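Asks: My questions all concern the structure below.
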Amino acid sequence: MFKCKITKKKIPQIIDFGKMPIANGFLKKKDFKREFFYNMGVSFSKDISLLQLNNHPKPEMMFNKDYPFFTSSSNFMKNHFKNYANWAKKKYVKKNETKIIEIGSNDGTFLQNFRSKNFLHLGFEPSKNVSLIARKNGINSIVKFFNRKNLIKFDKFVNKTDLIFGANVVCHIPDLVEFILTCDLALNENGKVIFEEPYLGSMYKKVSYDQIYDEHIFMFSITSIKKIFEIFDFQLIDVLPQNTHGGSMRYVLERKKSKLNRKVKKYLENEKKENINDVSGVIRFKKNCELSKEKLQYKLNDLKRRKKFICGYGATSKSTTILNYCNINSKTIDCIFDTTPNKIGKYSPGMHIPIVDYKNFNKKFYEYAFLFAWNHRKEIEKKEKTYLKSGGKWITHL
Ligand code: SAH
Ligand code: TYD
């Protein structure tokens with residue numbers, strides 16, 4: 001049995017993905033021997049409808065001076081964050097000098113859109129390397145985790161913040177209670193918390209179990225967000241589906257004022273209908289994961305029997321779950337092409353597949369390319385147009 005991270009009640013493990021390394025822990029050969037592993041299992045708290053990891057490495061092991069994910073590595077995401085900012089300005093910015101905080105501001109891609117005189121901004125970004133990039137570009141980014149101890153030093157934002165933003169970060173925070181209490185301390189009376197995270201319903205639909213890895217401690221649904229925040233007298237006032245990261249959901253919350261609105265109610269009813277809010281959804285997902293694993297292993301073994309060359313494309317954190325869960329190593333996938341300088345020349349976590357500069361992708365012909373960055377499919381297919389033309393085939397586990 002494990003303990004729910006919010007209610008502290010005992011909950012059983014439902015899915016066991018086995019031994020896992022740090023998802024973003026791309027490493028050099030000399031470090032293979034001391035690589036860190038943990039057991040990745042998933043459980044579900046019925047009380048708050050929350051899917052969560054049972055074990056995970058400490059945040060400091062993942063978010064530090066060498067964090068290898070850069071928001072700006074995708075043009076599609078850069079554009080998405082511009083639209084996200086424009087939407088927020090139109091809908092929620094009502095005065096001059098609006099005070100905003102972003103948590104997990106990474107290389108500053110989102111906050112770039114708030115650099116005018118109308119805004120006072122602050123980014124909490126514990127990963128030093130990405131935080132420094134943001135600073136270089138004029139963003140007020142601090143190398144700190146978002147918690148009360150760190151917030152209290154910023155007078156101008158305590159009880160005075162209008163909007164707190166996040167994207168793909170709240171699911172990374174093991175102490176959600178501290179997160180909500182910090183929001184409570186930061187916000188002014190009418191302040192709002194707005195964030196978007198990979199959506200449980202999309203993961204179920206696509207069987208994209210690779211969304212589960214050490215950094216994603218929670219996989220949220222609308223029901224879970226509503227229930228968790230209600231404990232602290234926050235109310236969910238809007239939800240907006242997003243097509244990023246394979247299907248995400250944007251949530252808008254404020255301190256409790258009125259009755260649940262009709263739009264949110266409709267989405268909640270839909271989650272009920274599709275068993276996204278209860279344990280039967282997880283059990284169905286577990287079966288689908290097992291089936292997906294068998295199918296993928298069969299497909300790759302078959303290609304290898306037919307002496308096909310296979311490479312990977314996009315050394316994503318998600319790929320760590322696929323490769324380790326399905327036990328796929330460099331005997332099957334020769335290498336993974338990627339754009340990230342911090343990953344190139346290193347090896348993939350656990351399975352130790354070499355990561356190679358994407359500029360070499362067309363140097364040798366691979367008949368099959370496993371697209372691990374499947375959520376960036378359009379952008380990558382456009383960039384690698386000649387691959388399909390020369391007879392190459394993109395494959396995924398989905
Ligand atoms: N928001 C960006 C980055 C997402 S990656 C985007 O959507 O592209 C998650 C980021 O959150 C990392 O840069 C990580 O360092 C940061 N992070 C993790 N835990 C955090 C916490 N408790 N407070 C603030 N940032 C955190
Ligand atoms: P993403 O799905 O955002 O990663 P994660 O699963 O870690 O959240 O994909 C980012 C990775 O994909 C990153 O290593 C860079 C790589 N990538 C490319 O190699 N080429 C591209 O065109 C894009 C968009 C990403």
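Asks: Please report, to one decimal in angstroms, the Kirkwood hydrodynamic radius of the stretch 43-116 built from all distinct Cα-Cα pairs.
Replies: Result for the stretch 43-116 stands at 15.4 Å.
Asks: Hey, what angle do you get for helix 262-273 against the long axis of the chain, alpha-carbon based, 0 to 90 degrees rounded to 10?
Replies: Tilt relative to the chain: about 40 degrees.
Asks: What are the ³J(HN,Hα) couplings of the stretch 221-234, residue after residue, when phi is run through the Karplus curve with 6.51, -1.76, 1.60 and θ = phi - 60°? Round to Hz, x for glycine and proline.
Replies: Result, rounded to whole Hz: 10, 5, 4, 5, 4, 4, 5, 5, 5, 4, 4, 9, 6, 9.
Asks: Another question, if that's okay. Two-decimal Rg/Rh of the chain from alpha-carbon positions, Kirkwood Rh? Walk me through the intermediate numbers first.
Replies: Values: Rg = 21.1 Å, Rh = 22.0 Å.
A ratio of 0.96.
Asks: Taking the mean number of other Cβ atoms within 10 Å as a proxy for protection, how do you rank 210-223, 321-334, 260-273, 78-91 from highest to lowest?
Replies: 210-223, 321-334, 78-91, 260-273
Asks: Right, something else. Past 21 Å, Cα to Cα: identify those pairs from Lys82/Lys136; Lys346/Lys383; Lys359/Lys383; Lys273/Lys293, in the order given.
Replies: Correct reply: Lys346/Lys383; Lys273/Lys293.
Asks: Straight-line reach from Lys90: which aspartates and glutamates have a Cα under 16 Å away, not including same-chain ones fewer than 8 places off?
Replies: Answer for Lys90, where 16 Å is the Cα cut-off: Asp162, Asp238, listed by chain and number.
Asks: Hey, can you rank 236-247, 182-193 by average C-beta count inside 10 Å, highest first? Display every interim value, and only then the final one.
Replies: Working: 236-247: 18.0, 182-193: 19.6.
So the order, starting with the most tightly packed, is 182-193, 236-247.
Asks: Which three extents, in angstrom, do the Cα atoms of the stretch 306-395 have along their principal axes, listed largest first?
Replies: Principal-axis extents of the Cα atoms in the stretch 306-395, largest first: 33, 32, 22 Å.
Asks: Mind scanning Lys33/Lys78; Lys10/Lys65; Lys94/Lys259; Lys58/Lys257; Lys331/Lys363 and naming the pairs with a C-alpha gap bigger than 30 Å?
Replies: In this structure, Lys33/Lys78; Lys10/Lys65; Lys58/Lys257 lie more than 30 Å apart at Cα.
Asks: Mean-square fluctuation check for the chain, GNM, Cα pairs under 10 Å: which of Lys33, Lys58, Lys46 is largest?
Replies: Among Lys33, Lys58, Lys46, the largest mean-square fluctuation in the Gaussian network model of the chain belongs to Lys33.
Asks: In the P(r) worked out for the stretch 121-200, what percent of Cα pairs fall beyond 22 Å?
Replies: Working: 707 of 3160 pairs.
Cα-Cα pairs of the stretch 121-200 separated by over 22 Å account for 22 percent.
Asks: If neighbour count is taken as other Cβ atoms inside 10 Å, put Val170, Val130, Val207 in order from fewest to most.
Replies: Neighbour counts put them in this order, fewest first: Val207, Val170, Val130.
Read-outs throughout are calculated quantities, based only on the coordinates presented, and are distinct from any laboratory measurement. Quick caveat: nothing in here was measured; it's all calculated off a predicted structure. Methodologically, a virtual Cβ is constructed for each residue, glycine included, from the backbone with ideal geometry; neighbour enumeration extends over all protein chains shown.
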